[in-house]
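To keep things clear, I will list the structure first and then write my remarks on it.
The values are calculated or read from the model by the stated rules, or taken from the named source; none is laboratory data. This is a predicted model, so every value here is computed, not measured. With ideal geometry, Cβ positions are generated from the backbone for all residues, glycine too; neighbour counts draw on all protein chains shown.
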Amino acid sequence: MKPYKEIKISKYVFERTFDAKNKDLFEWHRDKEDRKIIVLESNKNWFFQLDNELPKELYPGIIITIPKNVFHRVIAGSGTLKIRLVKDFEGEL
């Protein structure tokens, strides 16, 4: 089970909604491509953390770049978090 609901916008762009009720499913992971996330909506105390960095609070409008093969995670706050995810395949970002 995925810890989010996803809507595909285009080939490399997705919108994901995370619910704090699923926080037990949020785990450290890494991806095979560079990514950018843009926070669209965020309730209180949602954070994002890259490996070996302190967590960053997520708020609407913040853009975070995630390098490929770098471990990262979302830390649940309350309510929901909605992001736009852009995957970089062959320099598409």
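Scan region 1-21 for residues that are over 14 Å from the mean Cα position of the chain (by Cα) and more than 16 Å from Arg84 (Cα to Cα) and the total you get is 2. The condition of being assigned to a loop (DSSP other than H, G, I, E, B) and either modelled with pLDDT under 95 or under 18 Å from Tyr4 (Cα atoms) (or both) does not hold for Leu40. Residues of region 42-70 that are in contact (Cβ under 8 Å) with a residue 40 or more places away in the chain and within 12 Å of the chain's Cα centre (by Cα): Ser42 alone. Just one residue in the set Gly77, Gly61 is crowded, with 16+ Cβ neighbours inside 10 Å and part of a loop (DSSP other than H, G, I, E, B); that residue is Gly77.
The number of residues in region 16-29 that are under 13 Å from Arg73 (Cα atoms), surrounded by 13 or more Cβ atoms within 10 Å (Cβ to Cβ) and in contact (Cβ under 8 Å) with a residue 40 or more places away in the chain comes to 3. Annotation for region 80-89: at least one member residue is acidic (Asp, Glu), part of a strand (DSSP E or B) and modelled with pLDDT under 95.
Of all the residues in region 24-37, those that are of a type outside the set (Lys, Arg), assigned to a strand (DSSP E or B) and under 13 Å from Val86 (Cα atoms) number 2.
What number of residues within region 48-58 are surrounded by fewer than 16 Cβ atoms within 10 Å (Cβ to Cβ) and not in a loop (DSSP other than H, G, I, E, B)? Qualifying residue count, region 48-58: 3. Just one of (1) in contact with a helix residue (DSSP H, G or I) (Cβ under 8 Å, 6 or more places away or on another chain); (2) free of Cβ contacts under 8 Å to residues at least 24 places away in the same chain fails for Lys8. It is (1). Of the residues in region 15-23, not one is in a loop (DSSP other than H, G, I, E, B) and not basic (Lys, Arg). Within region 72-93, how many residues are farther than 17 Å from Arg16 by Cα and under 12 Å from the mean Cα position of the chain (by Cα)? Matching residues across region 72-93 total 0.
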